[in-house]
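**Q** Can you read through this structure? Questions will come right after.
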Amino acid sequence: MKKGLLLFAAGLFNLAAITAQVQPVQPKLTDDKSFSMILFPDPQSYTKFDVNQPLFELMTAWTANNKERLNIEAVLCTGDLVEQNEIRIPDGVNGNQTSEEQWKAASQAFARLDNKLPYVVCTGNHDYGYEKAENRLCRLPEYFPSERNSCWRNSLVEVGNNYQGIPTLENAAYEFNTETWGKILVISLEFAPRDEAIEWAKAVTEKPKYTDHKVILLTHSYLTAEGKRRLKENYKISPANYGEAIWQKLVYPSKNICMVICGHECEIAPYKDNVGFSIEKNAAGKDIPQMMFNAQTADGFWHGNGGDGWLRIMEFMPDGQTIKIKTFSPLFAISPTTADKSWRTESYDQFDITIK
């Protein structure tokens, strides 16, 4: 009888193996005691065209499916969820979807992660105003209320006010308790933050209960491809603070902000011109890594497929101070005909970050 049960179980296992999806490239952690966070670059060009929208869903579905394999703690997104925040007649060039359709597409993609993983989304210039940051009007609160993802009940710990004085996820802090890195706080800061938003973030980092946390700041516009902080941009949105002001007012004097992540920078150019990295010392003399990642023109077009599915796997090593950055495309990885293109391994796309 026992032999029969074993044969039956073996048969089920073989059947599962035969019927399981074939994915030629399946990333794994360097160390099985590591955990990871997944970084999505600006997804606006996935959501502005209806034919591209499934590509962003592929990225979020792949992430959900790899939760255990990569021991994923959270997902981060650099902003610009849509191309236009409030338009009714798409021009067919900058997208063929109305703003409502774009926001629905972004929401539907992230729904793949709801109740499975916490995700931290910051707002970009295209998420404000009508086309891009003419004012602070933003539909993020409508499509991303705090109730939509049950995982936020365990991670969302602070919420700041938007320009209307209403608490929304435009400014929010998320806490993650880890065995090897201790407590991590990820703060999402609105695009070109107002002084009030910066003061809110500063007050959060200085609360006694967070002073021993490692704090990662996520905001949209901060660093250029040359690793320089932005001084100013020509958007009508006002008042506003850009990269250098965010550094001077918030990051430089902070005792516990240990890393800054952003997106935004984008050109029709080689990969190296759409990523950036810099390390500078804060007021206490600590090295602060600052990383910019975008991919929306990875296929060589402003209005192409949205970014070839590129994302970054951030592996937090068990030493508590090393983060391995790898740039990967689940779009290329799922087919044997493109699997050899699924990693970007140049020094600007695959490197280690040390946080002390």
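The values are calculated or read from the model by the stated rules, or taken from the named source; none is laboratory data. Quantities reported herein were computed from a predicted structural model and do not represent experimental measurements. Note: ideal-geometry Cβ built from the backbone for every residue, glycine included; neighbour counts use all protein chains shown. Ligands, DNA and RNA are excluded from the accessible area calculation, which covers all protein heavy atoms including side chains. Shrake-Rupley method; radii C 1.70, N 1.55, O 1.52, S 1.80 Å.
**Q** Short version: ³J(HN,Hα) in whole Hz for each residue of the range 262-270, in order, from phi by Karplus 6.51 cos²θ - 1.76 cosθ + 1.60 (θ = phi - 60°), x for Gly and Pro, what are they?
**A** 8, x, 6, 4, 7, 9, 7, 6, x
**Q** Please compute the net charge surrounding Thr123, taking Lys and Arg as +1 and Asp and Glu as -1 over other residues with Cβ under 9 Å from its Cβ. Please report the intermediate quantities before stating the final value.
**A** Working: positive: none; negative: Asp80, Asp127, Glu170, Glu190.
Net charge around Thr123: -4.
**Q** Oh, and also: For the chain, build the charge dipole from Cβ charges (+1 Lys, Arg; -1 Asp, Glu) around the Cα centre, then report which of Leu113, Ile355, Gln97 sits farthest towards its positive end.
**A** Ile355
**Q** Ok, one more. So what's the back-of-envelope 222 nm ellipticity for the chain, counting only DSSP H runs of four-plus at -39500 (n - 2.57) apiece and dividing by all residues, rounded to 500?
**A** Details: 9 runs with 74 residues, N = 356.
Computed ellipticity for the chain at 222 nm equals -5500 deg cm²/dmol.
**Q** Please report the antiparallel percentage of DSSP beta bridges with both residues in the range 33-352, rounded to the nearest 5. Could you put the intermediate results ahead of the total?
**A** On the way: 35 of 55 bridges.
Expressed as a percentage, antiparallel bridges in the range 33-352 total about 65.
**Q** Now a separate question. For Ala203 and Gln248 in the same chain, what is the full-extension length gain: residue separation times 0.36 nm, less their Cα-Cα distance, in nm?
**A** Answer, rounded to one decimal: 14.7 nm.
**Q** Between Glu147 and Thr211, how high is the FRET efficiency from 1/(1 + (r/R0)^6) when r is the Cβ-Cβ distance and R₀ = 25 Å? Nearest 0.05. It would help to have the intermediate numbers written out before the result.
**A** Values: r = 30 Å, r/R0 = 1.18.
It comes to 0.25.
**Q** With r as the distance between the Cβ atoms of Asp299 and Asp91 and R0 = 22 Å, compute the FRET efficiency 1/(1 + (r/R0)^6) and round to 0.05. Before the final figure, lay out the partial values.
**A** Working: r = 20 Å, r/R0 = 0.93.
Efficiency, rounded to the nearest 0.05: 0.60.
**Q** How much of the accessible area of the chain, probe 1.4 Å, is carbon plus sulfur, in whole percent?
**A** Values: 8110 of 15510 Å².
Using a 1.4 Å probe with all protein chains present, the chain comes out at 52 percent carbon and sulfur.
**Q** Would you kindly derive the ³J(HN,Hα) couplings of the range 71-84 from the backbone phi angles with the Karplus curve 6.51 cos²θ - 1.76 cosθ + 1.60 (θ = phi - 60°), listing them in order in whole Hz, with x for Gly and Pro?
**A** Once rounded to whole Hz, the list reads 6, 6, 8, 6, 10, 10, 9, 7, x, 6, 5, 10, 7, 9.
**Q** Within 10 Å, Cβ to Cβ, of Lys132, how many net charges do the neighbouring residues add up to if Lys/Arg are +1 and Asp/Glu are -1?
**A** Working: positive: Lys236; negative: Asp80, Glu83, Asp127, Glu131, Glu134.
Result for the local shell: -4.
**Q** Thr178's amide H: which non-local residues (gap 5+, or another chain) put their own amide H closer than 5 Å, with H modeled 1.01 Å from N in plane and none for Pro or chain starts?
**A** Here Lys183, Ile184 satisfy the definition.
**Q** Please give the per residue accessible area of the chain, computed with a probe of 1.4 Å over protein heavy atoms only, in Å². Mind dumping the intermediate values first?
**A** Numbers: 15510 Å² over 356 residues.
Counting only protein heavy atoms, the per-residue value for the chain is 44 Å².
**Q** What accessible area, in Å² to the nearest ten, does a 1.4 Å probe give for Leu331?
**A** Leu331 exposes around 40 Å² with every protein chain in place.
**Q** A further question on this structure: List the trypsin sites (Lys or Arg not before Pro) within the range 183-254 that DSSP assigns to loop and that have no more than 13 neighbouring Cβ atoms inside 10 Å.
**A** Numbers: sites: Lys183, Arg194, Lys202, Lys209, Lys214, Lys228, Arg229, Arg230, Lys232, Lys236, Lys249; in loops: Arg194, Lys228, Arg230, Lys232, Lys236.
Hits after loop and neighbour filter: Lys228, Lys232, Lys236.
**Q** Per 0.36 nm of contour for each residue apart, how much would the distance between Ala269 and Gln321 grow if the chain were fully extended, relative to their Cα-Cα spacing?
**A** On the way: separation 52, 0.36 × 52 = 18.72 nm, distance 3.26 nm.
Length gained, Ala269 through Gln321: 15.5 nm.
**Q** Enumerate the calculated ³J(HN,Hα) couplings along the range 37-49 in order (Karplus 6.51 cos²θ - 1.76 cosθ + 1.60, θ = phi - 60°), each rounded to whole Hz, writing x wherever the residue is Gly or Pro.
**A** 3J(HN,Hα) across the range 37-49, in whole Hz: 10, 9, 10, 9, x, 3, x, 4, 7, 6, 8, 7, 10.
**Q** Another one. Taking the Cα centre as origin and putting +1 on Lys and Arg beta-carbons and -1 on Asp and Glu beta-carbons, what dipole magnitude results for the range 33-352, to the nearest 20 debye?
**A** Details: 34 positive and 43 negative charges, 150 e Å.
Dipole magnitude for the range 33-352 comes out near 720 debye.
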